[in-house]
Amino acid sequence: MHETGIPWNDPSGDLLRQWLGMTREQFYDVSRIAIVPTGLCYPGTVNGSDLPPRPECAPLWHPPLRAAMPHIRLTLLIGAYAQAYYLGKRRGRTLADTVHAWRDFAPDHVPLPHPSPRNRGWLKQNPWFESEVLPVLRERVGALLAAGDNGGAYTQTQ
């Protein structure tokens, strides 16, 4: 992402699109998909890992952005920071607990681990994610894509 300016344009994005059952074209279709990071800014890194999002960014920017997109049908909460912001006290003690309880937040929100290659260990330790969560997530995404419209979102025409 940092080299190209395109979000999820890396191996993490490839895995995320695989999880969703989406092509690159579908994923980057701005008339149907909005990609909004939790922090809306790149906080930098320490020892090769991203720093946490700045705490003031999501509360400042997410409400007006979501208000501008009133017909959102699905929000993927990717990683612990997004889950903490959107689920608050409803989230589990750990990321695994939250993702395992995904049915409690569906159909509007689906908590996911970050698809980073660094999380391969998490994915191996939690095989239920692939067998339980991903088929339902792909079905939900497929149904939304098959609707043939942009989810009822406002589209400006001339």
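For the pair ALA146 and LYS89 in one chain, pulling the backbone fully straight at 0.36 nm per residue adds 17.1 nm over the alpha carbon distance. Here the 3J(HN,Hα) profile of the stretch 23-33, calculated from phi with Karplus coefficients 6.51, -1.76 and 1.60 at θ = phi - 60°, is 7, 4, 4, 5, 4, 9, 7, 5, 7, 10, 10 Hz, Gly and Pro shown as x. Dipole size of the stretch 1-140 about its Cα centre, with +1 on Lys/Arg Cβ and -1 on Asp/Glu Cβ: approximately 320 debye, rounded to the nearest 20.
Rolling a 1.4 Å probe across the protein heavy atoms gives the chain an accessible surface of 63 Å² per residue. Backbone amide hydrogens, once placed in the peptide plane, bring ILE78 within less than 5 Å of LEU112, excluding anything fewer than 5 places away on its chain. If I compute solvent accessible area with a 1.4 Å probe over the protein chains, what percent of it on the chain is carbon and sulfur? The computed percentage sits at 55.
Overall shape: oblate for the stretch 1-77, with the ratio a/c of the largest to smallest alpha carbon gyration tensor axis at 1.5 or above and b/c at least equal to a/b. Look at the Cα gyration tensor of the stretch 5-46: its axes a ≥ b ≥ c give a/c of at least 1.5 with a/b at or below b/c, and that counts as oblate. Based on the Cβ-Cβ distance of ARG54 and ASP104, what FRET efficiency does E = 1/(1 + (r/R0)^6) give at R0 = 30 Å, to the nearest 0.05? Computed FRET efficiency for ARG54 and ASP104 comes out at 0.60. Using +1 at the C-beta of Lys and Arg and -1 at the C-beta of Asp and Glu, which of PRO64, TRP19, LEU123 has the Cα lying farthest in the positive direction of the dipole of the chain? My answer, from the dipole projection, is LEU123.
Shape of the stretch 59-135 from the C-alpha gyration tensor: prolate (a/c of 1.5 or more and a/b above b/c, with a ≥ b ≥ c the square roots of its eigenvalues).
For the chain, the longest piece that avoids every one of the GluC sites (Glu not before Pro) found in DSSP loops with at most 13 other C-beta atoms within 10 Å covers 57-158.
The values are calculated or read from the model by the stated rules, or taken from the named source; none is laboratory data. This structure is a prediction, so every number in the text was calculated from the model and none was measured. Don't worry about glycine lacking a Cβ; one is built from the backbone with ideal geometry, like all the others, and counts go over all protein chains shown. Surface areas here come from the heavy atoms of the whole protein model, side chains and all, with no ligands, DNA or RNA. Shrake-Rupley method; radii C 1.70, N 1.55, O 1.52, S 1.80 Å.
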